[in-house]
């Protein structure tokens, strides 16, 4: 039951919450021992803050929950490939695993030649279509 | 009077506050029209949060002050070259100018091949010795 699709669906529900708030629809959850310890969605417009990406909020929230700044034995599920800022934060967090829904060829960290912490496993392509489509639908509505 | 050295000294005073709290001594200020609108220092240990770099806090704080998420007509003075996370955040902020004290060859964004927003001017080497020495002194005390 608790497979990658299960937790990515939780992250996707966060992206849907962002969509409803007219925010770029990206969501994520952080999981430790099959429990969600943090969940968040993009709030850059609501908070008027470019740093309020889903991942940044979840990293802070997860570390608060754990009582330490490193996200050891944790997995982040995020609907869209993290940007440079969020990849840098994930790198500092030494998170164990990052599972990505859709790739972001233009703004994602992978095509910038960046990598996360050497300890961090990265998996891509979980619920890729849904995670990609919700972002495309959002920007189509904006035009 | 209000030259780069003047504002870098204000950022350096923030780094000194971090040093006194046993935090890696990095400080920054954001200036708009010759006024400091945000100042901060690294608080990653105090807050148990890898995202609590001086620059991240100042970007959020500066945007709050301005009432918008873009740091237009703003200059950040930061004692150490920003890391990948902070460079990514600065890039999203579209800040006008970033003035750097000392380079960080290992963890700074420049040697990672990253650049900030195309609009952003970058200046390095202001109070370089003092900004570099305080970090070296901090880590020497740790050994």
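Overview of values
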read-out: Test set (1) closer than 18 Å to residue B:90 by Cβ; (2) more than 9 Å from chain B (Cβ to nearest Cβ); (3) buried (at least 17 other Cβ atoms within 10 Å of the Cβ) - residue A:107 fails condition number; value: (3)
read-out: Breaking point among (1) surrounded by fewer than 20 Cβ atoms within 10 Å (Cβ to Cβ); (2) under 13 Å from the mean Cα position of the chain (by Cα); (3) at the interface with chain B (Cβ under 10 Å from one of its Cβ atoms), for residue A:47; value: (2)
read-out: Subset of the range B:112-143 (residues that are touching a strand residue (DSSP E or B) at 6+ places or on another chain (Cβ under 7 Å), assigned to a helix (DSSP H, G or I) and over 16 Å from residue B:42 (Cβ atoms)); value: B:128
read-out: Residue A:27 vs. criteria touching a residue at least 40 places away in the same chain (Cβ under 8 Å), touching a strand residue (DSSP E or B) at 6+ places or on another chain (Cβ under 9 Å) and closer than 21 Å to residue B:88 by Cβ; value: yes
read-out: Subset of the range A:83-111 [within 22 Å of residue A:37 (Cβ to Cβ) and touching a strand residue (DSSP E or B) at 6+ places or on another chain (Cβ under 7 Å)]; value: A:88, A:90, A:95, A:96, A:97, A:98, A:99, A:100, A:101
read-out: Unique residue being in contact with a strand residue (DSSP E or B) (Cβ under 6 Å, 6 or more places away or on another chain) and in contact (Cβ under 8 Å) with a residue 24 or more places away in the chain when the list is B:53, B:41; value: B:41
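Yes or no, residue by residue, for (1) touching a helix residue (DSSP H, G or I) at 6+ places or on another chain (Cβ under 8 Å); (2) within 14 Å of chain B (Cβ to nearest Cβ); (3) buried (at least 18 other Cβ atoms within 10 Å of the Cβ):
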{"residue": "A:12", "(1), (2), (3)": "yes, no, yes"}
{"residue": "A:20", "(1), (2), (3)": "no, no, no"}
{"residue": "A:29", "(1), (2), (3)": "yes, no, yes"}
{"residue": "A:41", "(1), (2), (3)": "yes, no, yes"}
{"residue": "A:53", "(1), (2), (3)": "yes, yes, yes"}
{"residue": "A:76", "(1), (2), (3)": "yes, yes, yes"}
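No lab work stands behind these numbers, since they all come straight from the coordinates. Everything numeric in this text was worked out from a predicted model, so none of it was measured. As a convention, Cβ positions derive from the backbone with ideal geometry for all residues, glycine included, and neighbour counts pool all protein chains shown.
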